[in-house]
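The values are calculated or read from the model by the stated rules, or taken from the named source; none is laboratory data. Note that this is a predicted model, so its numbers are computed, not measured. Heads up, the Cβs are rebuilt from the backbone with ideal geometry, glycines too, and the neighbour counts pull from every protein chain shown.
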Amino acid sequence: MMTVFLRDMSAGMALALAVWACLWPLRKRRLRRLGLVSRPRRELALAAFVLYCGGMAMLTLTPRDFHPYDALAHGYPGPFFRIGTLNLALLRSLRYSKAIFLANVVMFLPFGWMRGMLWRRSRWYTVAALACAITAAIELFQLLVGRAFDVDDLLLNAVGTFLGWLLWLLLKKPSLYCEDCQ
């Protein structure tokens with residue numbers, strides 16, 4: 001099961017890497033024009049975040065039965081867009097699987113971590129707004145691809161994003177991430 005997730009994520013990561021490679025020269029030109037310098041570690045972290053976002057998009061924004069490599073080889077048999085289901089019962093998914101409950105928190109930790117690491121002046125309310133916006137957009141889009149809008153996912157993904165940011169706050173070293181901090 002985990003290998004299928006990783007395989008499917010790799011397709012999104014490859015696509016994200018291609019987009020990143022096309023846009024990177026524009027980013028460097030813009031930084032140069034603004035008189036800014038970005039450290040290689042920061043650029044590497046940003047590239048890793050782009051890869052992660054591509055993988056997460058493939059996992060969360062496609063139908064459950066969509067596997068990109070199979071679809072490329074054999075075509076996708078079903079309609080990509082179809083109406084999904086709605087679950088508004090809070091903590092209902094906990095009854096089904098504690099592992100899925102925990103996975104919904106853990107898989108969104110990098111959004112919060114990277115928010116703190118890559119953007120200056122990261123405040124709790126901007127992270128909370130980002131967490132809610134990202135997870136709401138994902139959950140709403142899932143309704144269009146035959147998946148479920150689940151209030152538990154909305155809550156747990158937002159908690160995961162916020163916990164990732166808190167973890168970054170606890171473990172950060174100013175000289176490592178902040179270019180003007182000494």
remark   = When every residue in segment 97-123 that is small (G, A, S) and outside any helix (DSSP H, G or I) is compared, the one surrounded by the most Cβ atoms within 10 Å (Cβ to Cβ) is S122
task = Identify the single condition in (1) over 21 Å from the mean Cα position of the chain (by Cα); (2) farther than 25 Å from L140 by Cβ that A47 does not satisfy, given that it satisfies every other one.
result = (1)
query = Is it true that some residue in segment 127-147 is hydroxyl-bearing (S, T, Y), farther than 19 Å from K172 by Cα and either crowded, with 16+ Cβ neighbours inside 10 Å or out of contact with any His (no Cβ under 9 Å at 6 or more places or on another chain) (or both)?
reply = yes
remark   = L72: passes all of (1) in the same structural domain as F162 (by TED's automatic domain parsing); (2) within 24 Å of V19 (Cβ to Cβ); (3) without any contact (Cβ under 8 Å) to a residue 12 or more places away in the chain but (1)
